Every structure is written in C-alpha cells, then in structure tokens.
1. Would you mind finding the one in I21, I51, I17, I93 that is open to solvent by 70 Å² or more (accessible area, probe 1.4 Å) and in contact with a helix residue (DSSP H, G or I) (Cβ under 8 Å, 6 or more places away or on another chain)?
2. Could you give me the residue pairs with C-beta distances under 7 Å whose first residue belongs to the stretch 100-121 and is closer than 13 Å to R83 by Cβ, whose second residue is open to solvent by 80 Å² or more (accessible area, probe 1.4 Å) wherever it lies, and which are 6+ apart or on separate chains?
3. For the stretch 41-62, name all the residues that are modelled with pLDDT under 75, in a helix (DSSP H, G or I) and of a type outside the set (A, V, I, L, M, F, W, C).
4. Filtering the stretch 1-14 down to residues that are part of a loop (DSSP other than H, G, I, E, B) and open to solvent by 90 Å² or more (accessible area, probe 1.4 Å), which residue is modelled with the highest pLDDT?
Amino acid sequence: MENEALALIETPLALRIVDAIKAYFAKNKSFDLAKFSKDLPAELTEGFAEIILAEAGFEDETEERLDRELKLVVRELKYLATRDKLEELAKDIHKLEATNNKVKLKVCLAKFSRLSQKLAS
C-alpha cells in the first residue's frame, strides 16, 4: 500500500493489523491466510476475523479486481480525511468570524476553498 493510504488508517485495530501484515510479508513472499491468522496476536484475532468475514469471497478474486477494490478504499479514505479537515476548518472559520481576525480568517477560507474543490473532484 502507498504510504499516503497507510497514513489515512486511523483505528488502532486496523493499524495493528497492517503492522502485522507488513511483518508477515517481511518474512514471506506470498500470503497464506491460515498461517497469518495463526501467527496473529490473540488480541487482534477477533477483529481480524470480523474483517475477513465481512470480505468473504475475496480469495477467488483476480489480482486486478483486488487492485481496483484497494484503489476504491484508498479513494474513500482520502475523501473522509478531506471531509474531516473541512469540518475542522468550518469550526475554525466560525471562531475567527466571532473574533474578527481577518488575516487568519482569510487563510482559513482559502484552505477551505481548496479542500472543497479537492473534495468535489
């Protein structure tokens, strides 16, 4: 996965599973779900099982299909991260309007505009 995509993963469970996958591939050339699951720390097993069950059927998918799916997930994560930034900027803009700080307000409005355009595209 791209570093940019990895940076968008926020939940502790997902981050730990990604770390476990990286460690697995540092020692193995191909992915064996049974072997990976067996070596997974006990505290991650239940969460990983839920993820696998939610995505059941991927073992029969082609590499191209999985690649498209990964790209869709990355796009959605980027969209959500941008939306979160917009919400934060909206709060900042509201506060700056109340304090009448025109310089910082102008900067925040410009950032908000750029992110809005990015989100729309």
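The values are calculated or read from the model by the stated rules, or taken from the named source; none is laboratory data. What you are looking at is a predicted structure, and each value in this text was computed from that prediction instead of being measured. Neighbour counts are summed over all protein chains in view; Cβ atoms, including those assigned to glycine, are modelled from backbone coordinates with ideal geometry. Just so you know, the surface numbers come from the protein's heavy atoms only, side chains and all, with ligands and any DNA or RNA stripped out. Shrake-Rupley method; radii C 1.70, N 1.55, O 1.52, S 1.80 Å.
1. Of the residues listed, the single one that is open to solvent by 70 Å² or more (accessible area, probe 1.4 Å) and in contact with a helix residue (DSSP H, G or I) (Cβ under 8 Å, 6 or more places away or on another chain) is I51.
2. L115/K85; L119/Y79; L119/R83
3. Of everything in the stretch 41-62, those that are modelled with pLDDT under 75, in a helix (DSSP H, G or I) and of a type outside the set (A, V, I, L, M, F, W, C) turn out to be E50, E59, D60.
4. Checked the stretch 1-14; the qualifying residue modelled with the highest pLDDT is E10.
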